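Take a look at the structure below.
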């Protein structure tokens, strides 16, 4: 019989691929073996040619649900002198980027923990080849138990029999465990282990209004009864988190449907193997004082971050509690999520009344992923547990790109590695203004580089020299003798969307609408609302929002009234601005700073435009307690208002740059407000005006420059209402629309754009 070596590349580790191959071989009557290599699954098979052909086709057509087969390579080898088919031990090889992300509990395991007759009845660490921890426990490759944090748990005879049986759904499930041999769960309070069933006792305490820390897959959560206003308010007070929305875990889809508006797309997002937080619109009356959900969960919002249980521990706890639970990151405000036991005991002391914890170590911190439905598609807003570190294929033309390490930006930090035609965008680290997050960022560079054996040929950073990743990257480039590639912030945003959609290297430029907060522009000024003509190597600004001074510099990013003052002065003139808007505020001081050009840099920021409108309508506090607070409130009231005509924006041509002027919009909005129009319709007309202005100019510029696609990105494109309005105005053109999906539109996707731009420039060199 002829023999072949068949190499399968892609996401083929930790997804039950080898037992799948074994079962196929039995079906087709083949002899040989299958083994795991760092970069692939390698099969040597012998049998009749028709059987080999059918077997090779089935490797792709029938692959396990969590696998992603990207290539199947076949070559003839000497005839095997053996009978039967076996699964060989993993062999060392080139490291793959194909590590599977952590996977929510599968239906079979959920049924097992609910079955009183099952060996794993009510066992909080039940898993199989189709679910359970993966990236959160991996410490090295190939992916075997010895290279995970489960290596300290020796399998009992029953688990070993399942692990060794190719016909069993736990064959080579590296986190396999049971109550006899696996991790243990306990509840502790006051430094002592609490007697009794830890799940039932924890559930009782949560129903009593206590606040507990719960150790999950990627770190600790802080939990309390989401229907108990006193408990939620106490959690906010302890955590110093006055208004930022809190995520909630609901027991099952029926509980979700009772509280939130869900269609098929929302249900699919909730049931995704990643188990993400999904932003859902609340039903009328779902949040109110004294009944249903606590009113302070998401003050001023019409959406709530909701997730279903994604581990057996969560399923068991939610069944025991029977109520919605707050599940917010286990950290002090602004710091990274805690994932180690001793750090939790020290860092969460005073925040929680006890710990529901266990002895399975976590290899790396992984925040919950956050997604929303926007313009009919799932949009990842925070890429964490369940999505990272899934690699993306680089577009055509990048096959021979040199390896690049891209370091992202200061906010919503993430890094990206390019390896052999793929891009690996890391999980979310957080904002680097906190020393603990900066430390975590630097450790993660070493972690990813070691885990994936990455040796960069270039380092890419943001153009802004004072960003922490830019400084770190510059020092790293000098230390390693590597070229440093600086990338303009909004070029990187647009390039990330291009790469996500597979826009080929040589396909020509696209029109990019970059609606963002702030980024250093190519001319040394601050940008944030631009229309660009981009390919991967170059970017040219064609249009911008008319800039206004940010009085007080960075203070204007935190105090929206400062930006409102600058916008109204520019639109109406200082004498016509109502004094009542700035009562007891130092408006005269700010105007003097602007007049003298003292700490008042000009910025064309879409993010600050939205903040200013929220301030005009009384929806923004004097000082924001979290990024996006004002814009979220503005979006919420706009979504609840009826359709309305747009406010007008002006336009002026300045040499080769078009300037979009918001002054007419401000005059119309102020007139409506003076006439007693409520905030909702004004906010709605504002959103429509922004969408019409930028979509209209983008279409005219696409025609003028012969571009066949329009890409949208930047943090403001996470405003689902605005994005849907933009898409509605752009779609009829027939141009390709490149929208952010699994790569965040905010700075969490910045590193991917930096990486492909740096790679393209190195290829050109």
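Tabulated results
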{"quantity": "Contact order normalised by residue count of region 3-87, Cα under 8 Å, 6+ apart, percent", "calculated": "49"}
{"quantity": "Three-way shape call for region 214-281 based on the alpha-carbon gyration tensor, with the a/c threshold at 1.5", "calculated": "prolate"}
{"quantity": "Rotationally averaged projected area of the chain (alpha carbon convex hull; nm²)", "calculated": "34.7"}
{"quantity": "Exposure proxy order (Cβ contacts within 10 Å, fewest to most) of 343, 500, 764", "calculated": "764, 343, 500"}
{"quantity": "Which of 115, 516 has the fewest Cβ neighbours within 10 Å, and the rest in rising order", "calculated": "115, 516"}
{"quantity": "Residue order, fewest to most beta carbons within 10 Å, for 537, 303", "calculated": "537, 303"}
{"quantity": "Three-way shape call for region 677-745 based on the alpha-carbon gyration tensor, with the a/c threshold at 1.5", "calculated": "oblate"}
{"quantity": "Relative contact order (%) - criterion: Cα under 8 Å, at least six apart; region: region 416-530", "calculated": "16"}
{"quantity": "Spin-label model distance (nm) - residue 139 vs residue 342, 7 Å beyond Cα toward Cβ", "calculated": "1.5"}
{"quantity": "Euclidean distance of C-alpha centroids, region 619-698 and region 571-589, integer Å", "calculated": "19"}
{"quantity": "Stretch gain in nm, segment residue 656-residue 1, where the contour uses 0.36 nm per residue and the Cα spacing is subtracted", "calculated": "228.7 nm"}
{"quantity": "Simple spin-label estimate for residue 643 and residue 433 in nanometres, 7 Å along Cα-Cβ", "calculated": "4.0"}
{"quantity": "Estimated inter-spin distance, residue 77 and residue 188, nm [label 7 Å along Cα→Cβ]", "calculated": "5.0"}
{"quantity": "Ordering of 580-587, 6-13 by burial proxy (mean other Cβ atoms within 10 Å per residue, highest first)", "calculated": "6-13, 580-587"}
{"quantity": "Protection proxy ranking of 198-209, 594-605, 381-392 - average other beta-carbon atoms within 10 Å, highest first", "calculated": "381-392, 198-209, 594-605"}
{"quantity": "Between 0 and 90°, nearest 10: helix 312-321 axis offset from the chain longest Cα axis", "calculated": "60"}
{"quantity": "Acute angle (nearest 10 degrees) that the helix 750-764 long axis makes with the longest principal axis of the chain, alpha-carbon atoms", "calculated": "80"}
{"quantity": "Gained length - residue 764 relative to residue 626, 0.36 nm times residue gap less alpha-carbon distance", "calculated": "45.5 nm"}
{"quantity": "Distance from region 714-733 to region 21-79 (C-alpha centre basis), Å", "calculated": "44"}
{"quantity": "Cβ-derived FRET efficiency at R0 35 Å, residue 674 paired with residue 700, nearest 0.05", "calculated": "0.55"}
{"quantity": "Most to least packed among 140-153, 640-653 [average Cβ atoms within 10 Å]", "calculated": "140-153, 640-653"}
{"quantity": "Over the chain: helical MRE at 222 nm, DSSP H runs n ≥ 4 each giving -39500 (n - 2.57), nearest 500", "calculated": "-10000 deg cm²/dmol"}
{"quantity": "Degrees separating the helix 629-640 axis from the principal Cα axis of the chain, which is the longest one", "calculated": "90"}
{"quantity": "For region 128-175 and region 746-761, distance of Cα centres in Å", "calculated": "35"}
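No value in this document is a laboratory result; all are computed from the given coordinates. Here the structure is a predicted model, which is why all the values come from computation and not from measurement. Reconstructed Cβ throughout: ideal geometry from the backbone, glycine too, with neighbour counts over all protein chains shown.
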